[in-house]
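*Asks:* Shown below is the structure under consideration.
None of the figures in this text is laboratory data; all of them are computed from the coordinates on show. Because the structure is a prediction, the values reported are computed rather than measured. All Cβ positions, glycine included, derive from the backbone under ideal geometry; neighbour counts span all protein chains shown.
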């Protein structure tokens, strides 16, 4: 898909142009060890879920198919399973919390999930301007998914 976007919580940029965070900031669900970090994590997770819902709606995506599923203990999901966007929250939370990994694919777009709380959206058409409105709460950049 010719259009690719990176979506992340990071908003600080190094002098070399890389997104970054302070060393003490969490980059994974497994680093949440205080109530303050948990509160921040849940806020960012909810922003990410909102981004998935908003982008799906803008791109007229009503369902995704699970692709390249990696799961160590989940019997809830399987390769090729179709997930309606109205039920996307459960699988997206499990991916963001690193319980499973997969791509969510559809003819109009795909979500890929990376290390350090990066998420990627790929599409065969340019994302509508309404997606850029999400950048008030998350950083969204044109960026090639390393999982494409």
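*Asks:* Looking at 50, 46, which is the one that is surrounded by 12 or more Cβ atoms within 10 Å (Cβ to Cβ), out of contact with any helix residue (DSSP H, G or I) (no Cβ under 9 Å at 6 or more places or on another chain) and in a helix (DSSP H, G or I)?
*Replies:* 46
*Asks:* I need a count of the residues in the stretch 139-148 that are surrounded by 12 or more Cβ atoms within 10 Å (Cβ to Cβ) and in a strand (DSSP E or B).
*Replies:* Count: 2.
*Asks:* Okay, next question. Looking only at the stretch 32-42, decide whether some residue is touching a residue at least 24 places away in the same chain (Cβ under 8 Å) and not in a strand (DSSP E or B).
*Replies:* Among the residues of the stretch 32-42, not one is touching a residue at least 24 places away in the same chain (Cβ under 8 Å) and not in a strand (DSSP E or B), which makes the answer no.
*Asks:* Something else: So which residues in the stretch 99-138 are over 15 Å from residue 49 (Cα atoms), in contact with a helix residue (DSSP H, G or I) (Cβ under 9 Å, 6 or more places away or on another chain) and part of a strand (DSSP E or B)?
*Replies:* 100, 101, 102, 106, 109, 123
*Asks:* When the residues of the stretch 8-20 are narrowed to those that are closer than 17 Å to residue 40 by Cα and touching a residue at least 12 places away in the same chain (Cβ under 8 Å), which ends up surrounded by the most Cβ atoms within 10 Å (Cβ to Cβ)?
*Replies:* 9
*Asks:* Kindly list the number of the only condition in (1) buried (at least 16 other Cβ atoms within 10 Å of the Cβ); (2) in contact with a helix residue (DSSP H, G or I) (Cβ under 8 Å, 6 or more places away or on another chain) that fails for residue 95.
*Replies:* All conditions are met except number (2).
*Asks:* Assess whether residue 66 counts as being assigned to a strand (DSSP E or B), under 20 Å from residue 124 (Cβ atoms), touching a strand residue (DSSP E or B) at 6+ places or on another chain (Cβ under 9 Å) and free of Cβ contacts under 8 Å to residues at least 60 places away in the same chain.
*Replies:* Yes; evaluated as a whole, the condition is true for this residue.
*Asks:* Being farther than 21 Å from residue 144 by Cα and in contact with a helix residue (DSSP H, G or I) (Cβ under 7 Å, 6 or more places away or on another chain) is true for just one of 63, 81. Which residue is that?
*Replies:* When all the criteria are applied, what remains is 63.
Here's the yes/no breakdown for (1) in contact with a strand residue (DSSP E or B) (Cβ under 9 Å, 6 or more places away or on another chain); (2) loosely packed, with under 14 Cβ neighbours inside 10 Å; (3) over 19 Å from residue 139 (Cβ atoms):
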position	(1), (2), (3)
38	no, yes, yes
60	no, yes, yes
82	yes, yes, yes
88	yes, no, yes
